[in-house]
Amino acid sequence: MRHKDAALTVFLTTLFSLSLAGGALANVEQAKLYKSVFGGEKPKCLTCHVDKLPKKEDGKHDPNDYGKKLTAVNPKPDEATYKQVGANPDAVY
């Protein structure tokens, strides 16, 4: 019985870790797109989001005005979206 409990714990921990990593990879992907469009600027979370980190309760990251503009054009922004909307004038790099 203990072996099954341990295996379940390892499985759930791995699943949880992968779910968190998926969100982080999406943010890294978006940061790379932003950087490729606007040169050497290194965007931070606050470039597109209200908070530095996602909320613990639901893991969501609320967009700021710039992030809302991006997602209004394309729910998953690509290079064309960044070019269309332009750089965030209020971003701190």
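Some observations on this one:
- Residue tally, condition open to solvent by 60 Å² or more (accessible area, probe 1.4 Å) and not hydrophobic (A, V, I, L, M, F, W, C), over segment 55-76: 12
- Candidates are the residues of segment 51-93 that are among the small types (Gly, Ala, Ser) and modelled with pLDDT of 90 or more; the one that is farthest from LYS35 (Cα to Cα) is ALA72.
- Hits in segment 29-39 (condition: not small (Gly, Ala, Ser) and not in a loop (DSSP other than H, G, I, E, B)): GLU29, GLN30, LYS32, LEU33, TYR34, LYS35, VAL37
- Residue tally, condition open to solvent by less than 60 Å² (accessible area, probe 1.4 Å) and modelled with pLDDT under 85, over segment 31-40: 0
- Screening segment 64-85 for residues that are in contact with a strand residue (DSSP E or B) (Cβ under 7 Å, 6 or more places away or on another chain) and of a type in the set (S, T, N, Q) and picking the one that is farthest from ASP51 (Cα to Cα) gives THR71.
- Taken together, the residues in segment 40-89 that are under 14 Å from the mean Cα position of the chain (by Cα), part of a helix (DSSP H, G or I) and without any contact (Cβ under 8 Å) to a residue 12 or more places away in the chain amount to 2.
- Residues of segment 77-93 that are open to solvent by 70 Å² or more (accessible area, probe 1.4 Å) and of a type outside the set (A, V, I, L, M): GLU79, LYS83, GLN84, PRO89, ASP90, TYR93.
The values are calculated or read from the model by the stated rules, or taken from the named source; none is laboratory data. As the structure is a prediction and not an experimental result, all values here were calculated from the model. Glycine gets a Cβ as well: all are built from the backbone with ideal geometry, and neighbour counts include every protein chain shown. Please note that ligands, DNA and RNA were not included when accessible areas were found on the heavy atoms of the full protein model with its side chains. Shrake-Rupley method; radii C 1.70, N 1.55, O 1.52, S 1.80 Å.
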